[in-house]
Every structure is written in structure tokens, then in C-alpha cells.
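Peer 1: Let me give you the structure first, and then I'll get to my questions.
Values quoted throughout were computed directly from the atomic coordinates according to the rules given, and no laboratory measurement underlies them. Just so we're clear, the structure is a prediction, and the values are computed from it rather than from any experiment. Cβ placement follows ideal geometry from the backbone for every residue including glycine, while neighbour counts extend to all protein chains displayed.
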Amino acid sequence: MAAQHPQIAMFIRQLQALAASNDDLDQLLPEVAKIAQPLAADRSWIEADFYEANEDQGFAISVLHEEPDHRLLVETIAWLPGRGVSPHDHQTWGVVVGLDGTETNTNWRRLDDGSVAGYAEVEVAGEVIAGAGDCILLRPDDIHSVRNDGDETALSLHIYGRSLRHVDRSEFNPLAKTRQPCPIRTRR
């Protein structure tokens, strides 16, 4: 885990206080975004190695903080040009803040009722292009995919209510109409 910059340490304290005092997502998500946005304005805390992406994976995940009980995860993700991830859910709340470059987030809508194991029918519900300072708020059952359509590596900050390694997430294949466990991603 990266050494904690004072700016990140202050953000973590604010995040812990917010999460402990509020479990209403309609209130919590905008408040998390509000305290996270300044990290996009003053990027002195960003380390060069956050951009060193895994070529096989197509991105790099740098964990900045994870609570001992696996609540609250804060990490950066560096997306290589032309790369991204398939539609997936998080099974926890999330806030994504653009830091450098742009990433395209495609929102998906599930059409089936989830009653057939391994089957899922999803369709595109919209797209959001997030640049520096832009925030994307995610609820536990939201399905989205991410890609970097730019020519440079894009960097974003990701804040989650639980560690993604400790929730049963799903990945969706819109063409095959399948749902399977989300792959384990390489983190550092």
C-alpha cells in the first residue's frame, strides 16, 4: 500500500466520519463526492507509480486505504489507452472521481429478473465521460463498464463502502447474455 500523503490521511478521516454517521445513500454519496473533489484540484498527493498499469490487465489499481474490517476502500485506477472493463456491479456504494485524462462510463440496465442462474440480459442506459474533478456516484446494484478512449493513460480515484475483494460482485456479457463472478483484479 502506498505511503499515506497528508492530504489522503485527512480525506480518510473525513470519509470515516461520514460513513459512520450516515447510511442513507441519497445523502452519503453526494457528501463523499464533495470531500473527494478537492483531491482532483490539488493533485500533489498523486505518485508517478500510480500510472504504471499492468499491460495484461489493461489498468493498474493502487490501494491507498482499506479498513481492517474491509469497510471503506480507497484506490486509484490507471486506465491504459483503448482499454477498460466489461459491465460489472460492485455490491457496495461507490464514488469515482476523475483525476487525469477522461474515462467513459457506460451505464447498463438489467432487463431480466435475475431468477435464472448465470443468465442476465442488459442494455445500455447511457454514457458519462468523466474528466478531472467529475464525480460518478454508484449504488450497490448499478451496472457499469469503463473504458479509456483517449491517447494517454487516464487516472481516477475510487471510493467504496466495502473492499471489492470481500463482496460477491458480478460481471456481465451483454452479447452472450451471461452473468458470472467478477474476476479478481491485481492490486498493489
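Peer 1: To test your reading of the geometry: what angle, between 0 and 90 degrees and rounded to tens, separates the Cα axis of helix 25-36 from the longest principal axis of the chain?
Peer 2: 40 degrees
Peer 1: Helix 6-21 versus the longest principal axis of the chain: what is the Cα-based angle in degrees, 0 to 90, to the nearest 10?
Peer 2: It is inclined by approximately 60 degrees.
Peer 1: Using the per-residue mean of other Cβ atoms lying within 10 Å as a proxy for protection, in what order, highest first, do the peptides 102-113, 120-131 fall?
Peer 2: 102-113, 120-131
Peer 1: Given a cut-off of under 8 Å on Cα pairs at least six residues apart, what relative contact order in percent is computed for the chain?
Peer 2: 27 percent
Peer 1: Given labels modelled 7 Å from the Cα in the Cβ direction, how far is it in nm from residue 128 to residue 109?
Peer 2: 1.7 nm
Peer 1: Moving on to the next point. Within 10 Å, count the other beta carbons around each residue, average over each peptide in 29-41, 69-81, and list them highest first.
Peer 2: Ranking the peptides 29-41, 69-81 by packing returns 69-81, 29-41.
Peer 1: Please report, largest first and rounded to whole Å, the three semi-axes of the ellipsoid equivalent to the chain, where each semi-axis is the square root of five times an eigenvalue of the C-alpha gyration tensor.
Peer 2: 26, 20, 15
Peer 1: Ok, one more. Rounded to the nearest 500, what is the 222 nm mean residue ellipticity of the chain from helices alone, with -39500 (n - 2.57) per DSSP H run of 4+ residues and division by all residues?
Peer 2: Counting only the DSSP helices, I get -5000 deg cm²/dmol.
Peer 1: If you take the square roots of the eigenvalues of the alpha-carbon gyration tensor of the range 80-124 and sort them as a ≥ b ≥ c, do you get rounded (a/c under 1.5), prolate (a/b over b/c) or oblate?
Peer 2: Prolate, since a/c reaches 1.5 and a/b exceeds b/c.
Peer 1: Sticking with this one: Could you derive backbone 3J(HN,Hα) for the range 168-173 from the dihedral phi with the Karplus parameters 6.51, -1.76 and 1.60 (θ = phi - 60°), listing whole Hz in sequence and x where the residue is Gly or Pro?
Peer 2: With the stated coefficients, the range 168-173 comes to 8, 8, 10, 10, 10, 10 Hz.
Peer 1: At 7 Å along Cα-to-Cβ for each site, give me the label-to-label distance between residue 9 and residue 173 in nm.
Peer 2: According to this spin-label approximation, the distance is 4.7 nm.
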